[in-house]
Amino acid sequence: MRRHRIAAIPADGIGKEVIPAGLEVVQALAARTGDFALDVEHFPWGSDHYRGTGRMMPEDGLDTLKGFDAIFFGAVGDPLLPDDVTLWGLRLRICQGFDQYANIRPTRVLPGLTSPLREVEPGDIDWVIVRENSEGEYAGHGGRAHRGHPEEVATETAIFTRAGVTRIMRVAFDIARSRPRRLLTVVTKSNAQKHGMVFWDEIAAEVSRDFPDVRWEKELVDAMAARMVRRPASIDTVVATNLHADILSDLAGAVAGSLGVAPTANLDPSRRFPSMFEPIHGSAFDIAGKGVANPVATFWTASMMLDHLGEPRAARLLMEAVERVCAAGIRTADVGGTATTAEVTAAVVAAISGAN
Ligand code: GGG
């Protein structure tokens, strides 16, 4: 039997509710299929750890995580701590420390869910957003000067390297090639940002020569946001910078029904380091502790993790179970239902147990 070592880091807010739910369904899949077993280790890192130790994770945390096959992550964010401290202290430390440069964000309207867009046909929204996840606006390059004086200044410089842009383009063209429409939209703001974003467009053109079977086009990020709402069916695979794709994928989650159903994988495609899987939503402390968080994003995320671990059958069974449960109307409040996290989880576990 195959064994996979998973590091579970629920971290903050509803992360502490959805990650246990995700582990429950993955353990149900392991039992149902008999194909694999999970060795899960739990790490109590995050904002509570920060309050106790002054750090979101221990200094040698990356060394500890290095030996795992995957990281199953909840969310960061705490109402009483600065967001830059929590984000950089945990999520970005892991993403950047493990060179998880490809952030993959699929979007679909799951059966039984409703898009807030009028006139959306089933299948109109079926996108994969590829987010550059290691540099760009999240390079952490900048500083402050003249603190506290009238001439105080802050800089935040986006960094685009040839290696960084080329490798994310290759991932995006590869994903576009694997999908029936073979269409890639390269999103920038290259009219206004005439250095980094023009560079991004040039590298897209270079990489495209290796993918003659993929149609590709350029779109400005503002126009892309409008197109996602006005002409969703015209979109398939999208590649964008760290910040642009972060914003577009929140919009994507919203037009698919809720951020509560939106998954993501932070991949190191070279597999030198473990990749990290997390729902795209944050800690949602307004609903934390109430048992009403939507676990579907985490289940979809778990399916992506299973695929990455070489368990495509379990990954497929999980998504089929999730779709059956959504279609049956067992849904949390964010997607128009009345079910609790525990009820949705129990329904998915039952659907897995009855699956073929
Ligand atoms: N599970 C995703 C998460 O915790 N996100 C928190 C957040 O604020 N992320 C911002 C970002 O990564 O750009």
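The values are calculated or read from the model by the stated rules, or taken from the named source; none is laboratory data. Just so it is clear, the model here is predicted, and its values are computed rather than measured. Cβ atoms come from the backbone with ideal geometry, glycine included; neighbour counts cover every protein chain shown.
Residue check: is Val239 more than 13 Å from the ligand (Cβ to nearest atom) and not assigned by TED's automatic domain parsing to the domain that holds Ala21?
Working: more than 13 Å from the ligand (Cβ to nearest atom): yes; not assigned by TED's automatic domain parsing to the domain that holds Ala21: yes.
The answer is yes for Val239.
How many residues, within the stretch 122-165, are of a type in the set (Ser, Thr, Tyr), under 19 Å from the mean Cα position of the chain (by Cα) and either not assigned by TED's automatic domain parsing to the domain that holds Asn242 or not in a strand (DSSP E or B) (or both)?
Narrowing the stretch 122-165 to residues of a type in the set (Ser, Thr, Tyr): 134, 138, 155, 157, 161.
Then keep just the ones that are under 19 Å from the mean Cα position of the chain (by Cα); that gives 134, 138.
After this cut, where a residue has to be either not assigned by TED's automatic domain parsing to the domain that holds Asn242 or not in a strand (DSSP E or B) (or both) as well, the list is 134.
The number of residues fulfilling the criteria is 1.
Which numbered condition in (1) out of contact with any His (no Cβ under 9 Å at 6 or more places or on another chain); (2) in contact (Cβ under 8 Å) with a residue 24 or more places away in the chain is the only one that Leu38 fails?
Going through the list (1) out of contact with any His (no Cβ under 9 Å at 6 or more places or on another chain); (2) in contact (Cβ under 8 Å) with a residue 24 or more places away in the chain, Leu38 breaks only (1).
In this structure, is Ala302 aliphatic (A, V, I, L, M), away from the ligand (no atom under 13 Å from the Cβ), closer than 22 Å to Ile6 by Cβ and modelled with pLDDT of 95 or more? Let's see the steps before the verdict.
Working: aliphatic (A, V, I, L, M): yes; away from the ligand (no atom under 13 Å from the Cβ): yes; closer than 22 Å to Ile6 by Cβ: yes; modelled with pLDDT of 95 or more: yes.
Judged against the criteria, Ala302 is a match.
Name the single residue, out of those in the stretch 229-241 being of a type in the set (A, V, I, L, M, F, W, C) and assigned to a helix (DSSP H, G or I), that is farthest from Arg118 (Cα to Cα). Break it down into steps so the answer makes sense when it comes.
Residues of the stretch 229-241 that are of a type in the set (A, V, I, L, M, F, W, C), as a first pass: 229, 233, 235, 238-240.
Within this subset, residues satisfying the condition of being assigned to a helix (DSSP H, G or I) are 229, 233.
Working: Val229: 9, Ala233: 13 Å.
Only one residue tops the list, namely Ala233.
Restricting the first residue to the stretch 4-20 and requiring it to be touching a residue at least 60 places away in the same chain (Cβ under 8 Å), which pairs with a second residue that is part of a strand (DSSP E or B) and acidic (Asp, Glu) meet a Cβ separation below 8 Å and a spacing of at least six or different chains?
His4/Asp39; Arg5/Asp39; Arg5/Glu41; Ile6/Asp39; Ile6/Glu41; Ala7/Glu41; Ala8/Glu41
Does the stretch 260-274 hold any residues that are touching a residue at least 24 places away in the same chain (Cβ under 8 Å), more than 14 Å from the ligand (Cβ to nearest atom) and over 11 Å from the mean Cα position of the chain (by Cα), and which are they? I'd like the intermediate steps shown before the answer.
In the first step, residues of the stretch 260-274 are kept if they are touching a residue at least 24 places away in the same chain (Cβ under 8 Å); the result is 260-270, 272-274.
Keeping just the survivors that are more than 14 Å from the ligand (Cβ to nearest atom) gives 267-270, 272-274.
Passing the criteria: Asp268, Pro269, Ser270, Arg272, Phe273, Pro274.
What is the residue count in the stretch 161-176 for residues that are touching a residue at least 60 places away in the same chain (Cβ under 8 Å) and closer than 14 Å to Ala245 by Cβ?
6
Determine if the stretch 3-18 includes at least one residue that is assigned by TED's automatic domain parsing to the domain that holds Val349 and surrounded by fewer than 18 Cβ atoms within 10 Å (Cβ to Cβ). Quick ask: steps written out before the conclusion?
From the stretch 3-18, those assigned by TED's automatic domain parsing to the domain that holds Val349 are 3-18; that's our starting set.
Applying the additional criterion that residues be surrounded by fewer than 18 Cβ atoms within 10 Å (Cβ to Cβ) yields 3, 5.
For the stretch 3-18, residues assigned by TED's automatic domain parsing to the domain that holds Val349 and surrounded by fewer than 18 Cβ atoms within 10 Å (Cβ to Cβ): present.
Might you let me know whether the stretch 142-151 holds any residue that is of a type in the set (Asp, Glu) and either in contact (Cβ under 8 Å) with a residue 60 or more places away in the chain or closer than 20 Å to Leu251 by Cβ (or both)? Spell out the reasoning first.
Filtering the stretch 142-151 down to residues of a type in the set (Asp, Glu) leaves 151.
When the remaining residues are screened for being either in contact (Cβ under 8 Å) with a residue 60 or more places away in the chain or closer than 20 Å to Leu251 by Cβ (or both), the result is none.
No, the stretch 142-151 contains no residue that is of a type in the set (Asp, Glu) and either in contact (Cβ under 8 Å) with a residue 60 or more places away in the chain or closer than 20 Å to Leu251 by Cβ (or both).
Out of (1) away from the ligand (no atom under 16 Å from the Cβ); (2) more than 16 Å from the chain's Cα centre (by Cα), the odd one out for Val85 is which?
(1)
Does Glu121 count as away from the ligand (no atom under 16 Å from the Cβ), of a type in the set (D, E, K, R) and surrounded by fewer than 21 Cβ atoms within 10 Å (Cβ to Cβ)? Break it down into steps so the answer makes sense when it comes.
Numbers: away from the ligand (no atom under 16 Å from the Cβ): yes; of a type in the set (D, E, K, R): yes; surrounded by fewer than 21 Cβ atoms within 10 Å (Cβ to Cβ): yes.
Yes: the conditions hold for Glu121.
Picking from Phe68, Phe73, Phe98, which residue would you name as being under 20 Å from Glu278 (Cβ atoms) and out of contact with any helix residue (DSSP H, G or I) (no Cβ under 9 Å at 6 or more places or on another chain)?
Values: Phe73 fails: out of contact with any helix residue (DSSP H, G or I) (no Cβ under 9 Å at 6 or more places or on another chain); Phe98 fails: out of contact with any helix residue (DSSP H, G or I) (no Cβ under 9 Å at 6 or more places or on another chain).
Result of the check over Phe68, Phe73, Phe98: Phe68.
Matching residues to (1) in a helix (DSSP H, G or I); (2) over 25 Å from the mean Cα position of the chain (by Cα):
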| position | (1), (2) |
| --- | --- |
| Thr185 | no, no |
| Asn191 | no, yes |
| Val198 | yes, yes |
| Glu202 | yes, yes |
| Asp210 | no, yes |
| Glu217 | no, no |
| Asp222 | yes, no |
| Arg227 | yes, no |
